[in-house]
Amino acid sequence: MVSSRAFCAIGTLALLFLSSVSADDVVVLTDSNFEKEVGQDRAALVEFYAPWCGHCKKLAPEYEKLGASFKKAKSVLIGKVDCDEHKSVCSKYGVSGYPTLQWFPKGSLEPKKYEGPRTAEALAEFVNKEGGTNVKIAAVPSSVVVLSSDNFDEVVLNNEKDVLVEFYAPWCGHCKSLAPIYEKVASAFKLDEDVVIANLDADKYRDLAEKYGISGFPTLKFFPKGNKAGEDYDGGRDVDDFVTFINEKCGTSRDGKGQLTSKAGIVESLENKVKEFVKASNDEKKAIFAKIEEEVEQLKGSSARYGKIYLKAAKSSLEKGADYAKKEIQRLERMLEKSISPAKADEFTLKKNILSSYISSQ
């Protein structure tokens, strides 16, 4: 395998947008909202960047960590401006190179240029000093499975798992830009036991990279349960693109934040029987319940788990009356509004989705 760093330039045009990472914790500033957000009742650190800038791409994951750590600090804003799109505001503040980092004190539009190291820790130290805060960079455990020659076959070639693998090189700018996006994708699917989001340092494990024909970085390959030869991932490289791909390939139903969608838990083969059940008389319901029970016994995998929820809902409807589903959904919605664990949120959402079938069919 040729390991020249020139490979990192492959696909440059397709990857230029990666610098504008999906940074939920970094405030996106524009010509129209800049002075509404900056110079008001909180201080601000602002990154002026360009999507094509290599140094900006390198800074992106560090700046994302900074934004996540200061998310709850009400007195400080961590923001960024795309100077290709919003030239006037960048020109106004004398930006002539990228990235430029400027500090705006509370109530002031007279910035101070940041000249220090571009690590999350160094930036946090600066913001704490200037803003009077005491925030530490949060050490967030990664949801990405790190592969090596020791565990590659065990993880990737497991016929019970759908595995997405990023082959990367530590020195590759595009790989560094992809890192925070890829982490969010891994986090979104961390509760799906059959789905694995993994990466491999292809510079370190060149034999594995050669085996799978890796010739540029980052390269992504999908290894579904039924095809452990692997298939190229050629889709878009933002969070929603990855999430859509995984949902389609793996039968999952999540959004970019890892929450289950309204389709989660729905088993098509049971939907018609639910319609029959809801419309039937009380005497007929018992016979249809037996059919649902029989169908559930034939289900496998996650569908079998969902089928048990269908069955329990039908049984409760028989025992508690036609209003059971509606009342239970209202209870679950109240629970979902509270601060609960992601696993509990999944559990309640699945029940709510399946119970909705007992209402929509009425």
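Using a ≥ b ≥ c from the Cα gyration tensor of segment 145-250 (square roots of the eigenvalues), is it rounded, prolate or oblate, where a/c under 1.5 gives rounded and otherwise the larger of a/b and b/c decides, a/b for prolate? Each step should come with its number before you reach the end.
On the way: a/c = 1.56, a/b = 1.10, b/c = 1.42.
Note, shape of segment 145-250 comes out oblate.
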Projected label distance in nm at V146 and K87, using a 7 Å step from Cα toward the beta-carbon: 4.4
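Roll a 1.4 angstrom probe over the protein heavy atoms and tell me the percent of accessible area of segment 123-209 that is carbon or sulfur.
Working: 1860 of 4030 Å².
Heavy-atom surface of segment 123-209 belonging to carbon and sulfur, 1.4 Å probe: 46 percent.
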Pick out, in residue order, every one of the GluC sites (Glu not before Pro) in segment 290-340 that is DSSP loop and has at most 12 other C-beta atoms within 10 Å; say none if there are none. E337
By average Cβ neighbour count within 10 Å, what is the ranking of 92-102, 76-86 from highest down? 76-86, 92-102
What lysines could a cross-link reach from K161, if we take a straight Cα to Cα line under 17 Å and drop same-chain neighbours fewer than 8 places away? K190, K221, K225, K228, K249, K300
FRET efficiency, 1/(1 + (r/R0)^6) with R0 35 Å, evaluated for E271 and E210 via beta carbons: 0.15
By how many degrees, 0 to 90 and rounded to 10, does the Cα axis of helix 301-320 deviate from the longest principal axis of the chain? 50
Within segment 211-234, find all residues whose amide N lies under 15 Å from a label point positioned 7 Å from the Cα of D194 along Cα-to-beta-carbon. 223-227
CD proxy, 222 nm, the chain: helix-only mean residue ellipticity via -39,500 (n - 2.57) per DSSP H run with n ≥ 4, per residue, nearest 500, stands at -14000 deg cm²/dmol
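How large is the Kirkwood hydrodynamic radius of segment 27-131, counting all unique pairs of alpha carbons, in Å?
On the way: mean 1/r = 0.0740 Å⁻¹.
Roughly 13.5 Å, rounded to one decimal.
About the Cα centre of the chain, what is the dipole size in debye to 20, counting +1 per Lys and Arg Cβ and -1 per Asp and Glu Cβ, all else neutral? Display every interim value, and only then the final one.
Details: 53 positive and 55 negative charges, 210 e Å.
That gives the chain a dipole magnitude of about 1020 debye.
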Considering only F167, F48, N272, whose Cα is most displaced toward the positive end of the charge dipole of the chain, charges sitting on Cβ of Lys, Arg (+1) and Asp, Glu (-1)? N272
Reduced Cα scattering model of segment 274-362, Debye log10 I(q)/I(0), q = 0.12, 0.17, 0.20, 0.23 Å⁻¹: -0.37, -0.72, -0.94, -1.15
Mind pulling the angle between the C-alpha long axis of helix 342-360 and the longest principal axis of the chain? Nearest 10 degrees, somewhere in 0 to 90. 50
Neighbour-limited loop hits for GluC sites (Glu not before Pro), segment 92-186 (at most 11 other Cβ within 10 Å; DSSP other than H, G, I, E, B): E115, E160
Of [x] 45, 29, 16; [y] 29, 23, 20; [z] 33, 24, 18, which one was derived for semi-axes √(5λ) of the Cα gyration tensor in Å from the structure shown? [x]
Among A60, V95, L260, whose Cα sits farthest toward the positive end of the charge dipole of the chain (+1 at Cβ of Lys/Arg, -1 at Cβ of Asp/Glu, about the Cα centre)? L260
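Suppose all protein chains stay in the model; what accessible area per residue would a 1.4 Å probe give for segment 27-131, in Å²? Please report the intermediate quantities before stating the final value.
On the way: 5120 Å² over 105 residues.
With all protein chains present, segment 27-131 gives 49 Å² per residue.
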Computed over the chain, the relative contact order (Cα-Cα under 8 Å, seq sep at least six) in percent reads 14
On a full-extension model of 0.36 nm per residue, what is the gain between E333 and K291, subtracting their alpha-carbon distance, rounded to one decimal in nm? 12.2 nm
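Could you work out the relative contact order of segment 27-131? I mean the mean sequence separation of Cα pairs under 8 Å and 6+ apart, divided by the number of residues, in percent.
Details: 166 pairs, mean separation 41.0, N = 105.
Worked out over segment 27-131, it gives 39 percent.
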With charges set only on the Cβ (+1 for Lys and Arg, -1 for Asp and Glu), what does the dipole of segment 184-250 come to about its Cα centre, in debye to the nearest 20? 200
Can you list the lysines whose alpha carbon sits under 16 Å from that of K87, skipping same-chain ones fewer than 8 residues off? none
Per residue, how much accessible area does segment 145-250 show when a 1.4 Å probe rolls over the protein heavy atoms, in square angstrom? 42
Tell me, how many Å apart are the Cα centres for segment 246-264 and for segment 85-147? 34
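Please tell me which of these pairs span more than 18 angstrom C-alpha to C-alpha: K184/K344; K273/K315; K92/K176? Provide the component values of the computation, followed by the final result.
Values: K184/K344 20 Å; K273/K315 14 Å; K92/K176 30 Å.
Pairs exceeding 18 Å: K184/K344; K92/K176.
If you roll a 1.4 Å probe over segment 268-357 with all protein chains in place, what percent of the accessible area is carbon or sulfur?
Numbers: 2630 of 5640 Å².
Ligands and nucleic acids excluded, carbon and sulfur reach 47 percent.
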Dipole moment magnitude, nearest 20 debye, segment 63-200 about Cα centre, only Lys, Arg, Asp, Glu C-beta charged: 1180
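The values are calculated or read from the model by the stated rules, or taken from the named source; none is laboratory data. Note that the structure is predicted; figures quoted are calculated from it, not measured. Because the Cβ atoms are built from the backbone with ideal geometry, glycine has one as well, and the counts that use them run over all protein chains shown. Ligands, DNA and RNA are excluded from the accessible area calculation, which covers all protein heavy atoms including side chains. Shrake-Rupley method; radii C 1.70, N 1.55, O 1.52, S 1.80 Å.
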